[in-house]
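The values are calculated or read from the model by the stated rules, or taken from the named source; none is laboratory data. None of these values were measured; they are calculated from a predicted model. Note: ideal-geometry Cβ built from the backbone for every residue, glycine included; neighbour counts use all protein chains shown.
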Amino acid sequence: MESIRGMRIEIKKWGNSAALRLPAAALVKAGLEVNSPVEIKAAEGKLVVSAVDIPQYKLADLLARYPPRKMVLTDEDKRWLGSEPVGKEVW
């Protein structure tokens, strides 16, 4: 991985926190962009920022892990599902 050398930035106050403004070139080289999820580790006088993979879930996979006995509709569920819209629901 190619490192970026010679870029110095300062930690600034941001409300009750501290912030770093990352140069666009650093984000590009790291394969990150604004709003990318990252993990920060601090050790031995260094901060290490790493990209985080966010798992992609499919509804079918999530439902497959749910106990079938929990999938039974109650009488209240059935009444609700058969009811007319009461607000601005879109059907």
Residue check for ALA42: surrounded by 10 or more Cβ atoms within 10 Å (Cβ to Cβ), closer than 20 Å to ILE9 by Cα and out of contact with any Leu (no Cβ under 8 Å at 6 or more places or on another chain):
no
Qualifying position, being at negative phi, of a type outside the set (A, V, I, L, M) and under 28 Å from the mean Cα position of the chain (by Cα), among GLU84, GLU44, GLU10:
GLU10
Sole residue being surrounded by 10 or more Cβ atoms within 10 Å (Cβ to Cβ), among the β-branched types (Val, Ile, Thr) and modelled with pLDDT of 90 or more, chosen from VAL49, VAL34:
VAL49
